[in-house]
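The values are calculated or read from the model by the stated rules, or taken from the named source; none is laboratory data. Bear in mind the structure is a predicted one, so any value in this text is a computation, not a measurement. Cβ placement follows ideal geometry from the backbone for every residue including glycine, while neighbour counts extend to all protein chains displayed.
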Amino acid sequence: MKILKDSITCLAGEGRLTLQVPMFDLGGKPKYEEVPDEWFIYLNHDRIPTTPRYGYLYLTKIGFEENKEKLKDAFLKAPHKRGTWEEFETAADNHFNKILTSIDKKINYHQKKATELKIAKKSLDLRPIPSYGDHMTTEEFVDSVKSGLFIDYDGMGKYATDKYMTELNVIPSDVNAGLINNNYTHVVWFNK
């Protein structure tokens, strides 16, 4: 990645407690240097932006560790510091923890959405009801479970309509746990 020469230490040299790296020069003929991509991350207010290369450029923990001595030197030489070097390091640690939390939240959100999409896909994948399954209303299935006719060990069911079967599984313990999906009017039961 090409960045402006000395931009990594620019804001530290002004005494700021930040890991942001300026991406442009306001005058003269800028000089650039080549640095490893893994030194940087684009952030939008401590969050990973949804669009790559959107947001502001910040040092990653790798970038910080690789440039720590240069940053410290620039910060300590700054005429007007906004804190101590120890506060700078604490601010950096807090910054990395915020980013990690943001990434974890985004991963969890997308995993949840992926699970929801997989369920939606299974519910849209309608198949003919096979002759070897017991087709019944959801109410009949619930009553059969409550009466002890079906237990998890006996088999499993698939949610269905009056004419088609989905790929969504239903087991007797779902009844006891209150997890029955009442969006489906029927269940096809398969004994083991």
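When both residues are 6+ apart or on different chains and their Cβ atoms are under 7 Å apart, which pairs have a first residue that lies in segment 54-78 and is over 14 Å from ASP37 (Cβ atoms), and a second that is of a type in the set (Lys, Arg)?
Pairs found: PHE75/LYS81.
Before we move on, is SER131 assigned to a loop (DSSP other than H, G, I, E, B) and not assigned by TED's automatic domain parsing to the domain that holds TYR42? Break it down stepwise before answering.
Numbers: assigned to a loop (DSSP other than H, G, I, E, B): yes; not assigned by TED's automatic domain parsing to the domain that holds TYR42: yes.
For SER131, the condition - assigned to a loop (DSSP other than H, G, I, E, B) and not assigned by TED's automatic domain parsing to the domain that holds TYR42 - is met.
Scan segment 81-94 and give yes if some residue there is surrounded by 14 or more Cβ atoms within 10 Å (Cβ to Cβ), among the charged types (D, E, K, R) and at pLDDT 90 or above, otherwise no.
For segment 81-94, residues surrounded by 14 or more Cβ atoms within 10 Å (Cβ to Cβ), among the charged types (D, E, K, R) and at pLDDT 90 or above: present.
Mind counting the residues in segment 149-169 that are at negative phi and part of a strand (DSSP E or B)? First the steps, then the outcome.
First, the residues of segment 149-169 that are at negative phi: 149-154, 156-169.
Now restrict to residues that are part of a strand (DSSP E or B): 156-160, 164-169.
Counting residues in segment 149-169 that are at negative phi and part of a strand (DSSP E or B) gives 11.
Could you tell me which residue of segment 1-42 is surrounded by the fewest Cβ atoms within 10 Å (Cβ to Cβ), considering only residues that are aromatic (Phe, Trp, Tyr) and either more than 18 Å from LYS70 (Cα to Cα) or outside the structural domain of PRO79 (by TED's automatic domain parsing) (or both)?
Checked segment 1-42; the qualifying residue surrounded by the fewest Cβ atoms within 10 Å (Cβ to Cβ) is PHE24.
Could you please give the count of residues in segment 75-104 that are closer than 21 Å to SER7 by Cα and either of a type in the set (Gly, Ala, Ser) or outside the structural domain of LEU57 (by TED's automatic domain parsing) (or both)?
4
Hey, TYR54 hits all of (1) closer than 18 Å to ILE3 by Cα; (2) surrounded by 13 or more Cβ atoms within 10 Å (Cβ to Cβ) but one; which does it fall short on?
(2)
Is segment 137-144 home to any residue that is outside the structural domain of TYR42 (by TED's automatic domain parsing) and not in a helix (DSSP H, G or I)? Quick ask: steps written out before the conclusion?
Start the filter on segment 137-144 by keeping residues that are outside the structural domain of TYR42 (by TED's automatic domain parsing), which leaves 137-144.
Among the residues that remain, those that are also not in a helix (DSSP H, G or I) are: 137.
Looking for residues that are outside the structural domain of TYR42 (by TED's automatic domain parsing) and not in a helix (DSSP H, G or I), one finds at least one in segment 137-144, hence yes.
Looking only at segment 32-51, decide whether some residue is closer than 26 Å to LYS106 by Cβ, charged (D, E, K, R), at pLDDT below 90 and over 20 Å from the mean Cα position of the chain (by Cα). Steps first, please.
Our first condition is that a residue be closer than 26 Å to LYS106 by Cβ; within segment 32-51, this holds for 35-51.
Applying the additional criterion that residues be charged (D, E, K, R) yields 37-38, 46-47.
Of the ones still in play, those that are also at pLDDT below 90 are 37-38, 46-47.
The next check asks that each one be over 20 Å from the mean Cα position of the chain (by Cα); those that pass are 37.
Yes, segment 32-51 contains at least one residue that is closer than 26 Å to LYS106 by Cβ, charged (D, E, K, R), at pLDDT below 90 and over 20 Å from the mean Cα position of the chain (by Cα).
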